[in-house]
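Visitor: Provided herewith is a single structure, encoded as structure tokens, for subsequent inquiry.
The values are calculated or read from the model by the stated rules, or taken from the named source; none is laboratory data. Here the structure is a predicted model, which is why all the values come from computation and not from measurement. With ideal geometry, Cβ positions are generated from the backbone for all residues, glycine too; neighbour counts draw on all protein chains shown.
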Amino acid sequence: MDQDAQIRSAAFKWLNRLEEIHGDVLSRNLLEQGFDYKGSRITLVGPKGIWKPKMMKYPLSITTIFNGPYADSLSRTNDLQYSYRGNDPYHSDNVGLREAMKHRIPLIYFFALEVGRYLVTKPVFIVNDDISSLMFTVLVDNDLEVTKENPSENDIDTVNDIEYGRRAYLTSNMKIRLHQRSFRERVLRAYNNQCSLCRLRHVELLDAAHIIADKEEDGLPIITNGLSLCKIHHAAFDQDILGITPDYQIKVRQDILEEKDGPMLKYGIQDLDNQKIMLPRRKENWPDQYRLENRFQRFLNAI
């Protein structure tokens, strides 16, 4: 592989290691620090949305704000639309993405979910360039295809229908993941990254629990339909072992209160009975009482 391909491969491997530790949502600080490559520092994001480290021939990553003010969009079809930089189709950044499309160069896509928090999606490929709308079309893949520096004509043909269909399917799944991660980031941030029942602060052990499930009519991915819960209390909430009243009081199922099963049950669940949950600092983020009432009725029916 040429140097560009070697650095690109190293970047993907470095991200894999980070995701094993931190999950697929990473801090900007980590991405700006980057990694060492033969004595040089390779960063994965920069001040521009289209980022190419100095040592590389083609762009390494693209970044956008999920639900942000720009034209980048999760289109109704199974692809992603990424805006040109500015209005000049021949700006060097736009040319760089065009070349990445031509040579089938894999990229990393970072979606900013919250300030300084990015969902990592990789690899992605530019599959279309529309100068009239100043937009690139992006699809997700699960194969890291680091191509030759000088591909043949067959290498740069448009992707065939089967390959396009596979990428469209993966992109559709990525959109679901994007919404899920965005919901989690916003809910946990509203609760200051703590379990609203036990105050546990280890983010890797926290979930954003839906009050009304997302498959139901009122199950919108909004903060007021969410609770920050540790994994044990999330499971207990989902299984109606405990419920939360519309006035934010915790209730533990009677049979669980009568059970004897060691300190985890006693201190982790039973002692929560009749306690109040921790609420977000901003009142507009408090759990919706109408949704809590509906969910609490399900808990009562389980008693």
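Visitor: Would you check which residues across segment 176-200 are β-branched (Val, Ile, Thr) and at pLDDT 95 or above and list them? Talk me through it step by step, then tell me what you get.
Guide: Residues of segment 176-200 that are β-branched (Val, Ile, Thr), as a first pass: 176, 187.
187, the sole residue that qualifies.
Visitor: Among the residues in segment 146-164, are any under 21 Å from residue 90 (Cβ atoms) and either modelled with pLDDT of 75 or more or in a strand (DSSP E or B) (or both)?
Guide: Narrowing segment 146-164 to residues under 21 Å from residue 90 (Cβ atoms): 156.
From the residues that got through so far, the ones that are either modelled with pLDDT of 75 or more or in a strand (DSSP E or B) (or both) too are none.
No; the residues of segment 146-164 include none that is under 21 Å from residue 90 (Cβ atoms) and either modelled with pLDDT of 75 or more or in a strand (DSSP E or B) (or both).
Visitor: Let me ask you something else. Given the conditions (1) surrounded by 14 or more Cβ atoms within 10 Å (Cβ to Cβ); (2) modelled with pLDDT of 95 or more, report the number of the one that residue 284 does not fulfil.
Guide: For residue 284, the exception is condition (1).
Visitor: Can you tell me which residue is modelled with the highest pLDDT among those in segment 51-72 that are over 12 Å from residue 136 (Cβ atoms) and among the small types (Gly, Ala, Ser)? If you could, list the steps in order and put the result at the bottom.
Guide: First pass over segment 51-72, keeping only residues over 12 Å from residue 136 (Cβ atoms): 51-58, 60-61, 63, 65-70.
Restricting the remaining residues to those that are among the small types (Gly, Ala, Ser) gives 61, 68.
Working: 61: 97, 68: 56.
The residue in question is 61.
Visitor: Something else about it: Which pairs have Cβ atoms under 8 Å, sit 6 or more apart or on different chains, and link a residue in segment 83-112 that is closer than 14 Å to residue 135 by Cα and of a type in the set (Asp, Glu) to one that is in a loop (DSSP other than H, G, I, E, B) and modelled with pLDDT of 95 or more?
Guide: Here the result reads 93/52; 93/59, each pair linking segment 83-112 to a residue that is in a loop (DSSP other than H, G, I, E, B) and modelled with pLDDT of 95 or more.
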